[in-house]
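Presented below is the structure to which this report refers.
The values are calculated or read from the model by the stated rules, or taken from the named source; none is laboratory data. Bear in mind the structure is a predicted one, so any value in this text is a computation, not a measurement. Please note: Cβ atoms are built from the backbone with ideal geometry, for glycine as well, and neighbour counts cover all protein chains shown. With ligands, DNA and RNA removed, areas are computed over all heavy atoms of the protein, side chains included. Shrake-Rupley method; radii C 1.70, N 1.55, O 1.52, S 1.80 Å.
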Amino acid sequence: MAQCTWQVQYTEDYENQVINPYLVAGTTVHNIPQTFAVHGGIYSLYLNFINCVGSTGTCAGAKVFEQPFVVCPGMPVRLSTYLTTSFSGTQCNVRITITDANGTMLNDQPAISAPYSPSWYQYTSGSVTPVTDTIYFTMYTNVGGGGGNDLSMDDMLLEKCSGGLNSTTTGSVCDNLSSQNLFDLLPGTNDTTGT
C-alpha cells in the first residue's frame, strides 16, 4: 500500500457564533462557541457539562457530541481536533469513537485526559476506511458533570488519503458484452501520470 498524502476535506474552527447542532441537547450549559479557552482564532466550542445528580444531567458515560461527515466509501480518512480542560477543577476525560452508518466501530479511543488550559491535547484518529458514505465522530464524557469539569474543543479537521489509495467501491459488470481496452483509445503520447 502506498503512503498516504493527507488532503484536507473539512475544517471547523467554531468562529461562527451560531448554536452548534452536534452538541447533545441537555448535556452542556453552552451550545455556542465561547472565548474561555481557545486553540486557534478567537472562539472554541465550550462544553460546560451539566451536573450529574443521580441519573440526571451529564453523568459519566453520557454522549455529549456527535457530528456526521459525508465521505467516499472505500477512501481512507482521518479526523483530528484539539481538546483542553477549560478551567482548574476536575480534569476532563473523554472517549471518542468513529463509526460508520451501519454502526460499525472504525476507531475507538476510550480515555483521553484533556490537559488544563492553556495546554492542549491533539486527538488524531487512526486511518479508517468506511464502507458507507457517512461516518460519525462521537464524544462521551468519562467524568460526570460538575466540579469544574469543563471541556473546550477547537480546530477540527477531516482529511482524506490521496496519492496512492483509491476508492475500492465496486459495481457489477454486465455479462455477454464486448470489451474495449481503453488504453488503446488514448490519442498521442502514452500517459504515465496514472490516468
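Quick one: what are the phi-derived ³J(HN,Hα) couplings along the stretch 91-97, Karplus 6.51/-1.76/1.60 with θ = phi - 60°, whole Hz, x for glycine and proline?
5, 6, 9, 10, 10, 10, 10
What nm distance separates the two modelled labels at Thr5 and Lys63, each placed 7 Å from Cα along Cα→Cβ?
Each label point is offset 7 Å from its Cα along the Cβ direction, giving 3.8 nm.
What accessible area per residue, rounded to a whole number of Å², is obtained for the stretch 1-160 using a probe radius of 1.4 Å?
46 Å²
Of all accessible surface on the stretch 1-130 at a 1.4 Å probe, what whole percent is carbon and sulfur?
Within the stretch 1-130, the accessible surface is 51 percent carbon and sulfur.
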